[in-house]
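Participant: There's a structure below that I have some questions on.
The values are calculated or read from the model by the stated rules, or taken from the named source; none is laboratory data. Small disclaimer: the values here were computed from a predicted structure and weren't measured. Here the Cβ positions follow ideal geometry from the backbone for every residue, glycine too, while neighbour counts run over all protein chains shown.
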């Protein structure tokens, strides 16, 4: 990796965007799977079908994204991140309202669809948008490899960090249920599962907000082109 890349603002901000986004967003699927099966007691098939709206949302936005990226450039990432934040915001509110009952899988569907739309708007164009903001295009192959590595690192950190928060809170719930009667065990269990899910989503939203902030720091392409013209002169 050429060390000169660390002088490129587009490269530094771009790799940070990729790392931070993938720390926060993909881990939600991992956590929600445990919530649906271990918390709500749904079957693997029902749990899998619950994610269908998210997949549909990603599919729809991925078909739209190539048409709007040439006009919006990095703004498409801002829109996507904002949509994801809205989806998680509503999901946090509805989860908090359930108390000890737990979410019904049907309550998740509209919000997962919204989150899917946002993820498609970010994930699909992310690498190309970041690469287009790198000043020295001769290192584009190296940068592409670095970004792919950042994706894997981000996912690993996200599962370790946010996953630890989720399972730590759920584990506290299991310890507590042993000192209560059986009739109260399910309520206590869902109370801890709901709190664990809410706290996990809050941390996810924090990372998505950070992603949105970093996108605003990306140098404009026009600025990059002007810099190249001045250098050539």
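Participant: Could you check how many residues of the stretch 189-233 are surrounded by fewer than 16 Cβ atoms within 10 Å (Cβ to Cβ) and modelled with pLDDT under 85?
Facilitator: 13
Participant: Only residues in the stretch 12-36 that are closer than 18 Å to residue 212 by Cα count as the first member; pair them with residues that are assigned to a loop (DSSP other than H, G, I, E, B), Cβ under 9 angstrom, at least 6 apart or cross-chain, and list the lot.
Facilitator: 13/133; 13/218; 13/219; 14/8; 14/133; 14/134; 14/218; 17/218
Participant: Of the residues that make up the stretch 79-94, is at least one at pLDDT 85 or above and closer than 20 Å to residue 42 by Cβ?
Facilitator: yes
Participant: Test residue 77 against the stated conditions and say whether it is in a helix (DSSP H, G or I) and loosely packed, with under 15 Cβ neighbours inside 10 Å. Write out each step before concluding.
Facilitator: Values: in a helix (DSSP H, G or I): yes; loosely packed, with under 15 Cβ neighbours inside 10 Å: no.
Against the criterion (in a helix (DSSP H, G or I) and loosely packed, with under 15 Cβ neighbours inside 10 Å), residue 77 does not qualify.
Participant: Please state which one of 34, 6, 22, 30 is touching a helix residue (DSSP H, G or I) at 6+ places or on another chain (Cβ under 9 Å), more than 26 Å from residue 202 (Cβ to Cβ) and assigned to a helix (DSSP H, G or I).
Facilitator: Details: 34 fails: more than 26 Å from residue 202 (Cβ to Cβ); 22 fails: more than 26 Å from residue 202 (Cβ to Cβ); 30 fails: more than 26 Å from residue 202 (Cβ to Cβ).
Just one listed residue meets the conditions, 6.
Participant: Okay, next question. Among the residues of the stretch 37-49, is there at least one that is within 30 Å of residue 219 (Cα to Cα), out of contact with any strand residue (DSSP E or B) (no Cβ under 7 Å at 6 or more places or on another chain) and part of a helix (DSSP H, G or I)? Break it down into steps so the answer makes sense when it comes.
Facilitator: Of the residues in the stretch 37-49, the ones within 30 Å of residue 219 (Cα to Cα) are none.
No, the conditions are met nowhere in the stretch 37-49.
Participant: Against the definition (loosely packed, with under 15 Cβ neighbours inside 10 Å and within 19 Å of residue 113 (Cα to Cα)), how does residue 48 come out, yes or no?
Facilitator: On the way: loosely packed, with under 15 Cβ neighbours inside 10 Å: yes; within 19 Å of residue 113 (Cα to Cα): yes.
So residue 48 passes the test.
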